[in-house]
Amino acid sequence: MSRAGPGRFFERKEKGYKSYIKGMEFEKKVSNWLTDQGFRVKMRKRTKRLGEFDLIASKGKWLGLGEDVLLVECKDKSRISGEDINKFAYKVKRLYDAGKIQKALFVYRGELDTSAERALKIMNEELRGLIQIKKWPSKKR
């Protein structure tokens, strides 16, 4: 029986750290883009009772009448799965039902696999009306 030595542990830890940094850089780009669109990004990477989210942005008065609150999920990976879409949809539904958000945005870089495309097709109409899907331009080489 072969065991992974300490080297394997540190390889995994380094890979996880690089992935975390890559995700934070992508969130920063999306945050800057939202700011250019007139939104104020209020929170980044928070875990609340209703779930973890990447960004919360708003237009209008913050925490007052007339505000437009947007939940944003950022995915920077080669393949976006149906599970990614379904987890986000579940989070959107819970926050919308609780009156915390009015809209949601799923920003991704990579490709939607067939299960993601299927998840989008079978999503109920009300939920699909709340969620916008945006493909981010590919990285320049």
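What the table below lists for this structure:
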quantity	calculated
Test: Ile101 is in a strand (DSSP E or B) and either under 22 Å from Trp33 (Cβ atoms) or modelled with pLDDT of 95 or more (or both)	no
Whichever residue in the stretch 13-51 is modelled with pLDDT under 85 and part of a strand (DSSP E or B) and, among such residues, is surrounded by the fewest Cβ atoms within 10 Å (Cβ to Cβ)	Thr47
Residue among Asp68, Asp84, Asp54 that alone is modelled with pLDDT under 85 and surrounded by 14 or more Cβ atoms within 10 Å (Cβ to Cβ)	Asp68
Neighbours by Cβ (under 8 Å, 6+ apart or cross-chain): first from the stretch 105-129, more than 13 Å from Ser78 (Cα to Cα); second in a helix (DSSP H, G or I) and of a type in the set (Lys, Arg)	Leu120/Arg128; Leu127/Lys93
Subset of the stretch 118-141 [surrounded by 13 or more Cβ atoms within 10 Å (Cβ to Cβ) and assigned to a helix (DSSP H, G or I)]	Arg118, Ala119, Leu120, Leu127, Arg128, Leu130
Ala119 being farther than 20 Å from Met24 by Cα and at pLDDT below 90	no
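The values are calculated or read from the model by the stated rules, or taken from the named source; none is laboratory data. As the structure is a computational prediction, the values presented were derived from the model and not from experiment. For neighbour counting, all protein chains shown are included, and Cβ atoms are generated from backbone atoms with ideal geometry for every residue, glycine included.
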